[in-house]
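Asks: Have a look at this one.
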Amino acid sequence: MKPSILFAVGNENLLKELISITIPLRDEFDCFFAESGEKAIQLLANNRVDIVFSSTEIVLSSGANLLHEIKRLFPETIRFALVQNLESPAVAQSSQYVHQFVTLPITKDNLKERIDNILQIQKFLRNEKVEELIKNTTTLPSMPEIYIQIEEEVAKKDFSLNKIANLISKDPNLTAKILQIVNSAYFGLRSEITNINYALAYLGVNVIKSLVFYIHLFSNFKVTAENRKHLERFWQHSLFVASNSYHLSELFFKEKSALDISYTAGVLHDVGKFVLLNTLTYPENLIVLSEQKGYTHLEAEEEIYQCTHAEIGAYLLGLWGFPISIVEAVAYHHKPSQLQNSKLNFATVVHIADFIYHAPPLDVPHIFEIGFEKNLLNSILHIRKAREVKRR
């Protein structure tokens, strides 16, 4: 069965343009078109629709926004909003019920790339339990407006670091938080960085962009007062793992882009836990299983939810349009062997960085002195298997 796409556009000229550019794609996708909110809802009710591209201004006769109603009535449908520019008030107004924004004009190639990326993510992360948990999560923020504006600026051939710095500087709280993180021990900088321009020049756009996204997500995520302490722990842990991932990559990768991917994957590797914090007694259930049956938290998640925070986080990042390299690293950061890649990859880097965070200090010089380094991992594997046998 071919994937199906619905285009809901009130502008007659734009609708004709979309009909025209999708003609070459009809062998790959089933396409539906609606010029009104009512027709769009009717098409959704009578057909299986995987992805919706809709103008943000379309409303139903009841006054409800179409994209908002699609999220409420058909939460499994992936929602793209078509906008003229990312500074439009419609972006902020619709950010809570849109997975991604698409700026106009749109081309056939650009449209196909977006559809293919989303379908690729869904294919390798297809899990009904993950989709159900995400559908039932109503408080998870969408992609922040400033992140999208940075993305749009970086996509330009003549993009400017000053323009990106100005975008970030419009939010003093965000600016202060970024500088606080950059000047912390996580990066180990020799001198203090006092403004966003220097931070961008030193660490690069992608690292700063990942911090923009994570700070927004953390600041806008709604949890109970009791769960706020768990969210704070996720925050500290994620920054530590991101730092570990960045420094590990400095040893094994030459390209700056690889360091950026490692950092971004590290800071976002546990984003799926945000969704689980919306479920009842998430931390308490994990603690009970850990104490009573000797489960790791990951094993407890699999038993309780039939999926893990790694899969949930990767699925979300895919919906938000993150590159497949980052999505894969997050999906497999606990089990990089599932990638069936015999070379060091980003999932392995985050896996090791995460392990270093949890492991107590090890007398590494002594391990090398007695020549035990080759046996160290075998010893860990042996103990792990013995625990599993005992638990059965």
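The values are calculated or read from the model by the stated rules, or taken from the named source; none is laboratory data. For clarity, every value in this text was computed on a predicted model and none was experimentally measured. Cβ sites come from the backbone with ideal geometry, for glycine too, and all protein chains shown count toward neighbours.
Asks: Does Pro105 fit the bill of being under 30 Å from Ile150 (Cβ atoms) and loosely packed, with under 13 Cβ neighbours inside 10 Å? Steps first, please.
Replies: Values: under 30 Å from Ile150 (Cβ atoms): yes; loosely packed, with under 13 Cβ neighbours inside 10 Å: yes.
So Pro105 passes the test.
Asks: Additional query: Looking at (1) surrounded by 14 or more Cβ atoms within 10 Å (Cβ to Cβ); (2) over 20 Å from Ile168 (Cβ atoms); (3) at pLDDT below 90, which one does Phe240 not meet, given that it meets all the others?
Replies: All conditions pass for Phe240, except number (3).
Asks: Give the residue that is nearest to Trp320 (Cα to Cα), with candidates limited to residues of the range 153-178 that are surrounded by fewer than 16 Cβ atoms within 10 Å (Cβ to Cβ) and among the charged types (D, E, K, R).
Replies: Step one: filter the range 153-178 for residues surrounded by fewer than 16 Cβ atoms within 10 Å (Cβ to Cβ), giving 154-160, 162-163, 166, 169-170, 172-173, 176.
From what is left, the residues that are among the charged types (D, E, K, R) are 156-158, 163, 170.
On the way: Lys156: 20, Lys157: 23, Asp158: 25, Lys163: 23, Lys170: 23 Å.
Selected residue: Lys156.
Asks: Could you tell me how many of the residues in the range 247-273 are aromatic (Phe, Trp, Tyr) and surrounded by fewer than 24 Cβ atoms within 10 Å (Cβ to Cβ)? Lay out the reasoning, then the answer.
Replies: Looking only at the range 247-273, we keep the residues that are aromatic (Phe, Trp, Tyr), and these are 252-253, 263.
Retained after the next criterion (residues that are surrounded by fewer than 24 Cβ atoms within 10 Å (Cβ to Cβ)): 252-253.
Here the count works out to 2.
Asks: Among the helices (runs of 4 or more DSSP H) lying completely within the range 302-374, list those that include at least 2 residues that are closer than 22 Å to Gly272 by Cα, of a type in the set (Phe, Trp, Tyr) and modelled with pLDDT of 85 or more. Please lay out each step first, then the result.
Replies: Numbers: elements: 309-319, 324-331, 346-358, 364-369.
It comes to 346-358.
Asks: Also, quick follow-up: Just one of the numbered conditions (1) over 27 Å from Ser169 (Cβ atoms); (2) among the hydroxyl-bearing types (Ser, Thr, Tyr); (3) surrounded by fewer than 16 Cβ atoms within 10 Å (Cβ to Cβ) is not true of Thr308; which one?
Replies: (3)
Asks: In this structure, does Val288 turn out to be of a type in the set (Val, Ile, Thr) and closer than 18 Å to Arg126 by Cα?
Replies: Numbers: of a type in the set (Val, Ile, Thr): yes; closer than 18 Å to Arg126 by Cα: no.
No, not satisfied.
Asks: Any chance the range 88-102 includes a residue that's at pLDDT below 85, in contact with a Leu (Cβ under 7 Å, 6 or more places away or on another chain), part of a loop (DSSP other than H, G, I, E, B) and not aromatic (Phe, Trp, Tyr)?
Replies: Checking the range 88-102: at least one residue is at pLDDT below 85, in contact with a Leu (Cβ under 7 Å, 6 or more places away or on another chain), part of a loop (DSSP other than H, G, I, E, B) and not aromatic (Phe, Trp, Tyr).
Asks: Within the bounds of the range 370-383, is there any residue that is under 27 Å from the mean Cα position of the chain (by Cα) and basic (Lys, Arg)? First the steps, then the outcome.
Replies: Going residue by residue through the range 370-383, those that are under 27 Å from the mean Cα position of the chain (by Cα) are none.
No, the conditions are met nowhere in the range 370-383.
Asks: Where residues in the range 1-39 are free of Cβ contacts under 8 Å to residues at least 60 places away in the same chain and aromatic (Phe, Trp, Tyr), which of them is nearest to Ser55 (Cα to Cα)?
Replies: Phe7
Asks: Still on this structure: Only one of (1) touching an Asp or Glu at 6+ places or on another chain (Cβ under 6 Å); (2) outside any loop (DSSP other than H, G, I, E, B); (3) not aliphatic (A, V, I, L, M) fails for Phe159. Which number is that?
Replies: (2)
Asks: Which one is surrounded by the most Cβ atoms within 10 Å (Cβ to Cβ), of the residues in the range 179-195 that are farther than 16 Å from Phe213 by Cα and of a type in the set (A, V, I, L, M)? Steps first, please.
Replies: Taking the range 179-195 and keeping what is farther than 16 Å from Phe213 by Cα, we get 183-195.
The next check asks that each one be of a type in the set (A, V, I, L, M); those that pass are 185, 189, 193.
Values: Ala185: 9, Leu189: 15, Ile193: 18.
Selected residue: Ile193.
Asks: If Thr224 satisfies every condition in (1) over 13 Å from Ala329 (Cβ atoms); (2) under 14 Å from the mean Cα position of the chain (by Cα); (3) polar (S, T, N, Q) but one, which is the exception?
Replies: (2)
Asks: What do you reckon, is Ile150 surrounded by 13 or more Cβ atoms within 10 Å (Cβ to Cβ) and within 19 Å of Gly321 (Cβ to Cβ)?
Replies: Details: surrounded by 13 or more Cβ atoms within 10 Å (Cβ to Cβ): yes; within 19 Å of Gly321 (Cβ to Cβ): yes.
Against the criterion (surrounded by 13 or more Cβ atoms within 10 Å (Cβ to Cβ) and within 19 Å of Gly321 (Cβ to Cβ)), Ile150 qualifies.
Asks: All but one of (1) of a type in the set (S, T, N, Q); (2) closer than 20 Å to Val182 by Cβ; (3) at pLDDT below 80 hold for Asn220; which doesn't?
Replies: Against the list (1) of a type in the set (S, T, N, Q); (2) closer than 20 Å to Val182 by Cβ; (3) at pLDDT below 80, Asn220 comes up short only on (2).
Asks: Go through the range 45-70 and give me each residue that's free of Cβ contacts under 8 Å to residues at least 40 places away in the same chain and closer than 21 Å to Asp30 by Cα.
Replies: Residues satisfying the conditions are Ala45, Asn46, Leu67, Ile70.
Asks: Of the conditions (1) out of contact with any Ser or Thr (no Cβ under 7 Å at 6 or more places or on another chain); (2) crowded, with 20+ Cβ neighbours inside 10 Å, Leu339 fails just one. Which one is it?
Replies: With (1) out of contact with any Ser or Thr (no Cβ under 7 Å at 6 or more places or on another chain); (2) crowded, with 20+ Cβ neighbours inside 10 Å applied to Leu339, the lone miss is (2).
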